[in-house]
Amino acid sequence: MNFSIQPVLENQEYQLIPLQQGDFESLYEVASDPKVWEQHPNKERYKKDVFEIFFKGAIESKGAFKITNKASGEILGSSRYYDFNENDRSIFVGYTFYGTNSWGKGINPQVKKLMLDYIFQYVDKVYFHIGENNLRSQISMERLGGKKIAEEEVAYFGEPAKTNFVYEIKKENWL
């Protein structure tokens, strides 16, 4: 891999900054609302001990970001790149969440555009794991042009396996 999966990415309004250990408390403040996780495969991530495992996986992935509002500096959520496959020229984007005050404001499409525009310089396919009951993310993925291609059991870092849908966006369809 001759590229970074943790660059600083930004547009006029938002910035994706590589996640650091010192970001735990401020990101947990966003994640501590149970509503954030009600459609995610692990609905318990609002609990500090469960979020600590999630955060540890994010740090160890070396591809995680905190998402901030550039004007206010407010942390809005997090996302990451993971599971780069050099032979398949593919990578996953996911583990994305936002605080409820960011919902319905068009933030996620802008963040995903930043991530996809960057990573499609290096890969041909981007995959997304979406929980089978996460209708909000499924709709969001379809609006971005993602196509559901599979269902599989996914064991997120330190968590039991759950059924996820796999969505794909191909570079040729993104440009």
With the chain treated as a Gaussian network of Cα nodes joined by springs under 10 Å, which of 31, 161, 71 yields the largest mean-square fluctuation?
-> 71
Shape call for the stretch 1-80, from the Cα gyration tensor axes a ≥ b ≥ c (a/c under 1.5 means rounded, otherwise prolate when a/b beats b/c, else oblate), comes out oblate
Loop sites in the stretch 77-175: GluC sites (Glu not before Pro), DSSP, at most 15 other Cβ within 10 Å | 86, 132
For the chain, report the accessible area per residue in Å² (1.4 Å probe, heavy atoms, rounded to an integer).
-> 50
What GluC sites (Glu not before Pro) does the stretch 23-56 have in DSSP loop regions with at most 10 other beta carbons within 10 Å?
-> none
Just from the alpha-carbon atoms, what are the Rg and Dmax of the chain in angstroms?
-> 15.0, 41
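In the stretch 79-164, what trypsin sites (Lys or Arg not before Pro) fall in a loop by DSSP, with at most 13 other Cβ atoms inside 10 Å?
Numbers: sites: 80, 89, 105, 112, 113, 125, 136, 143, 147, 148, 162; in loops: 89, 105.
Taking the stretch 79-164 and a limit of 13 other Cβ atoms within 10 Å, the loop trypsin sites (Lys or Arg not before Pro) found are 89, 105.
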Summing +1 per Lys or Arg and -1 per Asp or Glu among the other residues with Cβ less than 14 Å from residue 80's Cβ gives +1
Determine the distance separating the Cα centre of the stretch 29-66 from the Cα centre of the stretch 91-112; give it in Å without decimals.
-> 14
Within the accessible area of the stretch 9-126, what % is carbon and sulfur when the probe is 1.4 Å and the other protein chains stay in place?
-> 47
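In deg cm²/dmol, rounded to 500, what helix-only [θ] at 222 nm does the chain give when every DSSP H run of at least 4 residues adds -39500 (n - 2.57) and the total is split over its residues?
Taken over the chain, the calculation gives -8500 deg cm²/dmol.
The values are calculated or read from the model by the stated rules, or taken from the named source; none is laboratory data. It should be emphasised that the depicted structure is a prediction, and the values quoted were computed from it without experimental measurement. Cβ: placed from backbone, ideal geometry, glycine included. Neighbour counts: every protein chain shown. Side chains included, ligands, DNA and RNA excluded: accessible areas come from the protein's heavy atoms. Shrake-Rupley method; radii C 1.70, N 1.55, O 1.52, S 1.80 Å.
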